[in-house]
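Each remark here refers to the structure printed beneath this line.
The values are calculated or read from the model by the stated rules, or taken from the named source; none is laboratory data. All of these numbers come straight from a predicted model, not from anything done at the bench. Every residue, glycine as well, gets a Cβ built from its backbone with ideal geometry; the counts of neighbours run over all protein chains shown.
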Amino acid sequence: MSAAVVSSSGVVRKLDKPAQSVEVFTSSDAADLEKLARIVQDLRKRVTSLESAHRPRWVEFEDVTVSTGAAAVRLVHGFGKRVRWEVVGWQTSGANLWNLKEDTGTTGTDANALVLLSYVAGTATIRITETG
């Protein structure tokens, strides 16, 4: 999966690093134990690096109907920690933009659920991502 940052001036900066090639080991190299050891050691380092990389979990709630007048929408994610959220899709009958606010009150958001207050009616897709 590719990742990038787009600045306010429109400059795109790619976040992914190019893949490094792995040294090739063929049957004709069978007697070269040093080469085989180098390749195995390199692969071990790469696997360790991949296994220890932080990959935050996320969940998308599709077709969430939201209303007006600070109507509450509760989305249970079950991450057990603080989350980030974003609207990744929006549909409305008018030309209105979405207007959602996180409810941090006593009956609002907790470690396993996000409560949003809605001020514009429409249908949203909301992505919730766990924090580090």
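Residue 55 - would you say it is of a type in the set (Lys, Arg), in a helix (DSSP H, G or I) and either surrounded by 13 or more Cβ atoms within 10 Å (Cβ to Cβ) or out of contact with any helix residue (DSSP H, G or I) (no Cβ under 9 Å at 6 or more places or on another chain) (or both)? Before you say what the answer is, go through the steps one by one.
Details: of a type in the set (Lys, Arg): yes; in a helix (DSSP H, G or I): no; either surrounded by 13 or more Cβ atoms within 10 Å (Cβ to Cβ) or out of contact with any helix residue (DSSP H, G or I) (no Cβ under 9 Å at 6 or more places or on another chain) (or both): yes.
The answer is no for residue 55.
Only one of the listed residues (98, 85) is of a type outside the set (A, V, I, L, M), touching a Phe, Trp or Tyr at 6+ places or on another chain (Cβ under 9 Å) and touching a residue at least 24 places away in the same chain (Cβ under 8 Å). That residue is 98. Summed over region 68-98, the residues that are in a loop (DSSP other than H, G, I, E, B) and either of a type in the set (A, V, I, L, M) or modelled with pLDDT of 95 or more (or both) give a count of 3.
Whether a residue is in contact with a Ser or Thr (Cβ under 6 Å, 6 or more places away or on another chain), on the phi < 0 side of the Ramachandran plot, surrounded by 14 or more Cβ atoms within 10 Å (Cβ to Cβ) and at pLDDT below 95 was assessed, and residue 108 does not pass this test. Residues considered: 59, 47. Of these, the only one that is out of contact with any strand residue (DSSP E or B) (no Cβ under 6 Å at 6 or more places or on another chain) and under 29 Å from residue 81 (Cβ atoms) is 47. Going by the conditions given, is residue 25 of a type in the set (A, V, I, L, M, F, W, C), surrounded by 10 or more Cβ atoms within 10 Å (Cβ to Cβ) and modelled with pLDDT under 85? Yes; evaluated as a whole, the condition is true for this residue.
Taking the numbered list (1) in contact (Cβ under 8 Å) with a residue 60 or more places away in the chain; (2) in a loop (DSSP other than H, G, I, E, B) in turn, residue 64 passes all entries but (2).
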